[in-house]
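These notes concern the structure reproduced below.
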Amino acid sequence: MGFGKQIQIAEPNEKVKTPVFRWLKKRNGISIEQQLNDFLGIGIGLKEGININDCLDFNKKEYKIKPYFLLLTTLGSEIVSNDKRFLFPSDDVWYLDRECIEDNGDYVRVIRRIAEMTKNDFSLDHINDFIDLENKCAWISFKVNGQGYKFDLNVNDDWLDIRVFEIFSILLLKYGSKKRFFFSDIDPNLLVVLIEKEKYRRLNELLNIFIPAHLGEGRSVL
């Protein structure tokens, strides 16, 4: 369903991902500790009580060869805690499989994860959805700080509509947050970060693969 660990790293000769790996080749050799410190500088950090060594999916050498990218995918993927709970190492990044929308409840799970990521910005609850792939119909509804919202979404087989992250970037703007969603579409996966808008330039200095989920900062579709 795409909500657990979804680490899928392409080989350098795969066409879709070649630009990412060209960028990484220029930055290799950076330690995990330095990468974590650089992420902290833009607001991406580990949850309290999480040890990065318990999260690593690859040999530490791999994280130096492909700096920032591999570590972000690790921070954004679910792990199993010592008490057997599924959790994300960070609430500032999410690495997910876009092919995760099949039936009612799938967008609810997506928005619940967004609620975890935005919990310090507003209250997000009363989450509902409707999904009918055969008739190409999908919608989501929820409340933000008690205000109700409902949106129709695009249906493309079982692919998540990326517009979900645009919607919540606009809501972050509306409710006075400095944070926005930025994403990289790494077919079929999606790497999403939530950071302050002013940190976006520094993010792309570290890893130049992200675009804003909402491009029209001066307009609103709500």
>> Kindly evaluate Asn28 against the criterion of being surrounded by fewer than 18 Cβ atoms within 10 Å (Cβ to Cβ), out of contact with any helix residue (DSSP H, G or I) (no Cβ under 7 Å at 6 or more places or on another chain) and either farther than 21 Å from Pro188 by Cβ or modelled with pLDDT under 90 (or both).
In response: no
> Residue check, Tyr68 against (1) modelled with pLDDT of 95 or more; (2) more than 30 Å from Asn154 (Cβ to Cβ); (3) surrounded by fewer than 18 Cβ atoms within 10 Å (Cβ to Cβ); (4) not basic (Lys, Arg), all met but one. Which one?
Replying inline: (3)
>> With the requirement that a residue be within 15 Å of the chain's Cα centre (by Cα) and either among the hydroxyl-bearing types (Ser, Thr, Tyr) or part of a helix (DSSP H, G or I) (or both), what does segment 38-71 give you?
In response: Phe39, Tyr68, Phe69, Leu70, Leu71
>> Of the conditions (1) within 19 Å of Leu96 (Cα to Cα); (2) without any contact (Cβ under 8 Å) to a residue 60 or more places away in the chain, Gly176 satisfies every one except a single condition; which number is it?
In response: (1)
> How do the strands (runs of 3 or more DSSP E) wholly within segment 82-192 filter down when requiring 1 or more residues that are of a type outside the set (A, V, I, L, M) and surrounded by 19 or more Cβ atoms within 10 Å (Cβ to Cβ): which remain?
Replying inline: 93-97, 124-132, 137-144, 179-186
> Given Phe130, Phe165, Phe151, which one is within 23 Å of Leu71 (Cβ to Cβ) and either free of Cβ contacts under 8 Å to residues at least 12 places away in the same chain or of a type in the set (Phe, Trp, Tyr) (or both)?
Replying inline: Phe165
> Going by the conditions given, is Leu215 among the hydrophobic types (A, V, I, L, M, F, W, C) and surrounded by 15 or more Cβ atoms within 10 Å (Cβ to Cβ)?
Replying inline: no
> Do we have any residue at all in segment 180-201 that's aromatic (Phe, Trp, Tyr) and in contact with a Gly (Cβ under 8 Å, 6 or more places away or on another chain)?
Replying inline: no
> Of (1) within 30 Å of Asn154 (Cβ to Cβ); (2) touching a Cys at 6+ places or on another chain (Cβ under 9 Å), Ile79 satisfies all except one. Which?
Replying inline: (1)
> Based on what the data block shows, is Lys174 under 26 Å from Asn28 (Cα atoms), at pLDDT 95 or above and over 15 Å from the mean Cα position of the chain (by Cα)?
Replying inline: no
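The values are calculated or read from the model by the stated rules, or taken from the named source; none is laboratory data. Predicted model, so just to flag it, every value in this text is computed and none were measured. Because the Cβ atoms are built from the backbone with ideal geometry, glycine has one as well, and the counts that use them run over all protein chains shown.
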